[in-house]
1. Of all helices (runs of 4 or more DSSP H) completely enclosed by the stretch A:1-102, which ones contain at least 2 residues that are away from chain B (no Cβ under 14 Å) and surrounded by 15 or more Cβ atoms within 10 Å (Cβ to Cβ)?
2. Which condition from (1) at pLDDT 90 or above; (2) not in a helix (DSSP H, G or I) is the one that B:Ile114 breaks?
3. Using the structure shown, decide if A:Met179 is touching a residue at least 40 places away in the same chain (Cβ under 8 Å), of a type outside the set (Asp, Glu), more than 10 Å from chain B (Cβ to nearest Cβ) and not in a helix (DSSP H, G or I).
4. Can you tell me which residues in the stretch B:180-198 are small (Gly, Ala, Ser) and at pLDDT below 90?
5. What pairs can you find where one residue is in the stretch B:283-304 and crowded, with 16+ Cβ neighbours inside 10 Å, the other is at pLDDT below 70, and their Cβ atoms are less than 6 Å apart, with a gap of 6+ or different chains?
6. Go through the stretch A:187-222 residue by residue and tally those that are crowded, with 20+ Cβ neighbours inside 10 Å and within 30 Å of A:Gly143 (Cα to Cα).
7. What residue, of A:Gly239, A:Gly267, A:Gly244, A:Gly258, is modelled with pLDDT of 85 or more and within 11 Å of chain B (Cβ to nearest Cβ)?
Amino acid sequence: MARFIIIRSLQAFIALIGIIVIVFFLVRISGNPILFMISPLSSESEILLLQQQLGLDKSYAHQFWIYISNLAQGDLGESFIKRIPVSEMIGDALPNTLKLGIPTYIIGNLLGVALGVLAATRRDTIFDNGVKFLAVLGQALPGFWVAIMAVLVFSVHWQIFPAAGMGGIDHYVLPVVTMLFFMLPGMMRLVRSTMLEVLDSEYVKLARIKGLSESVVIWKHALRNAIISPLTIAAMMLGALIGGAVITENIFNWPGMGKLAVEATIGRDFPVVQAITIIVAVMVLGAMILVDIAYAFVDPRIRYQRT
Amino acid sequence: MATIIGIKTKREFRGLTRWGRIFRNLGMILPVIVFVVLIFTAIFADLGWIGLPDVGLAPYPYDETSLPDRRMPPAWVEGGSTKHLLGTDTLGRDILSRAIYGARVSLSVSLLAIAITASVGTVLGIISGYAGGRTDAFIMRITDIAMSFPPLLLAILIAVSLGPGFFTVIFALSVLGWAGYARIIRGETLRLRNSDFVAQAQIIGTPSWRIMLRHIFPNILNVLLIGITLAVGAMILAEAMMSYLGIGIPPPMPSWGSMVADGRNDLDRAWWISTFPGILIGLVVLSGNFLGDWIRDKTDPRLRQL
C-alpha cells in the first residue's frame, strides 16, 4: 500500500512539473505584458527599466531558473500589474471561491447521492423519471445561460435575490445554484446507475432473503458498494466545479479565483496566471491520488493489481 | 422492483407493438431530426458558397443592423412584428437569422474539434494500451497533465496568444480534449490485448500496426462512437462558454454562446436576446446526449448508465 501511494504521488509530481513548465512558456508566448503597461510616449529607457523591474530582460531559460528556484521556496512572485505578492492576491481570492465551492460541493454530493439512491430504488416511478429528467436537462443546458435566466427571473423580475456581488446569505443563493448545475446532474446519473447495478447483485438478493429491512439493505449493503464510482466522480467534479467557478464568478461579479484568473490572463499578468494554474493542478492531481488511494482501500483487488 | 431473485416480471416479457417500438427509439429518431434540420439550415443559411449570397434560409444577413427596430420583441409578444419572428438584438439585428448563422459556427467548430480530439485520442490510446511498458507510462503521464490542466484557463491563454478566430477556438478546444478518449480507448485496448484473437494474430506473425488497425480498432469502434456522440454536447457547451467569455469567434459573426453574452446587459428590457440561443444550445446538447445514450444501450449494455 505504501509503495502504491509513493508511486502514485511520484507520477503526480512529474505531471505537476510538466504543467509548471508548459504554463511558464505558454504565458510568455501569449504576448508581451510590457505593451499593456506603457503609453506610446514612453521612452526607450523607461521600457528597459520596466523590463528590468519585472525580470523580463533576461533570457527565457534564466527567467525560468529564477522562477523555479523561488517556487521551490514557496515564493509565487509578484503581480506585474498590482505589484503586490501573488500569494497576497490569492489569499484574498481563494477564501471567496471556497465560500461558494464548499457549500456547492457538500450540497452537490449529499443531494446527488440521496436523489440517485432514491431514484434507483423507485425505478420507473414518477420520482425516478423526475430525477432522470432533471439530470438530462441539467447536463444539456449551458450553466452560464441558466445563471442569466436565474438573474432574469429572480433578480430582475421578482427581485428576491441580488444579481451580483458579495454580501449576506441571499448573495449566495444564485451563484451556488449555478455551480450546482455544473456538478449535480452527473453525480445523480452515476449514483443512480451504479445503485441499480448493485441492487441487482447476488449479495443484495441474499440480504433481502435474510429478511433484513429494506432501509438496511439499501443504505448499508447496497450504497457502500455503489459509492465507489461516485468517489471518482466526486474527484472529477472538482474539475467541473473549477470550470463552473470561472463562469459563475464572472457572471455574478464574485471576487474569487475564477474572476482573478480571467482578468490576469487577459492582462498578461504572468505570475498570477502561473500561480493559479499550479494551484488548480495541485488540487486536481491531489484529488486524483486521493481517489486512487480510496479505491485501493475500498477494493483490495486494485491494491494488488496496480502495484 | 423489476427482478427480485432472478424472476422476470411479466412486463419484461411483453412484446412491443409498432407504436411501442417507435416510442422506444424516439431517443434516436428525435435527435437525428434535430441534427439533420440544424445541419440543413447551417448549410443553406445562404448560398454564398455557390455564388448566390442573396438566396437562403436566413431572412436577413447576420450583420444587418437596423437601429429603429432595435430590441424588438418576438412576433407573438406585444410590440413584436412578423418581420422579425424572434425579435432583434441591441443593434437591431434579426435574432432568427443570427441563430441560423450561429448554427454554422457552433456546429462546424464542435464537429471539427471532435474529429481532431477523437482521432488523436484513439491513436494514442491504442498505442499506449497495446505497447504497454515505457511507452504506456509516457503517454499516460502526458494524459495526466492534460487532464489536470484547467481547460478554461488554457483556452483563454491560447485565445489571447493566437488572437481570436475560427482555428484558434478549434485548437483551444482540441488541445486537452483528446485525453479523455486516450484514457477510455487505452482501457479497452488493454482488455482486448489479452484476448485470444489478438494472441492468435501475434502467433502467425502479424505486425503490430496491423493488429492495432485491423484487430483492435474495429473492436473499440462502438466505445468510440458513444464517446463521440456524447462529446457533441460537451463541445457545443465549451464553444459557447468561450464565446460567452469573449474569446470565441470574433464579432460580428454570431455563435450561440456570444449571442447569449450579447443579451446579458439587456436582461431587464429584452429577455429574448439571451433566451433563444440558450434554448438552441440546450436542444443540441440534449440531442447529442440522447443519441449517445441510445447507441450505448443498443450496442453495449455493459456501459449502460441511465
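1. It comes to A:34-37, A:44-54, A:60-72.
2. Answer for B:Ile114: the failing condition is (2).
3. No.
4. Narrowing the stretch B:180-198 to residues small (Gly, Ala, Ser): B:180, B:182, B:187, B:195.
Once the filter is applied, which keeps residues that are small (Gly, Ala, Ser) and at pLDDT below 90, the stretch B:180-198 yields B:Gly180, B:Gly187, B:Ser195.
5. These pairs meet every condition: B:Arg296/B:Leu303; B:Asp297/B:Arg304.
6. Residues meeting the conditions: 9.
7. Values: A:Gly239 fails: modelled with pLDDT of 85 or more; A:Gly267 fails: modelled with pLDDT of 85 or more; A:Gly244 fails: modelled with pLDDT of 85 or more.
Answer to the check: A:Gly258.
Residue-by-condition table, conditions (1) in a helix (DSSP H, G or I); (2) surrounded by fewer than 24 Cβ atoms within 10 Å (Cβ to Cβ); (3) without any contact (Cβ under 8 Å) to a residue 40 or more places away in the chain:
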| site | (1), (2), (3) |
| --- | --- |
| B:Arg210 | yes, yes, yes |
| B:Leu213 | yes, yes, yes |
| B:Pro218 | yes, yes, yes |
| B:Asn222 | yes, yes, no |
| B:Gly227 | yes, yes, no |
| B:Ile236 | yes, no, no |
| B:Glu239 | yes, no, no |
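The values are calculated or read from the model by the stated rules, or taken from the named source; none is laboratory data. What you see is a predicted model; the values in this text were computed from it and never measured. Neighbour counts run over all protein chains shown; Cβ positions are idealised from the backbone, glycine included.
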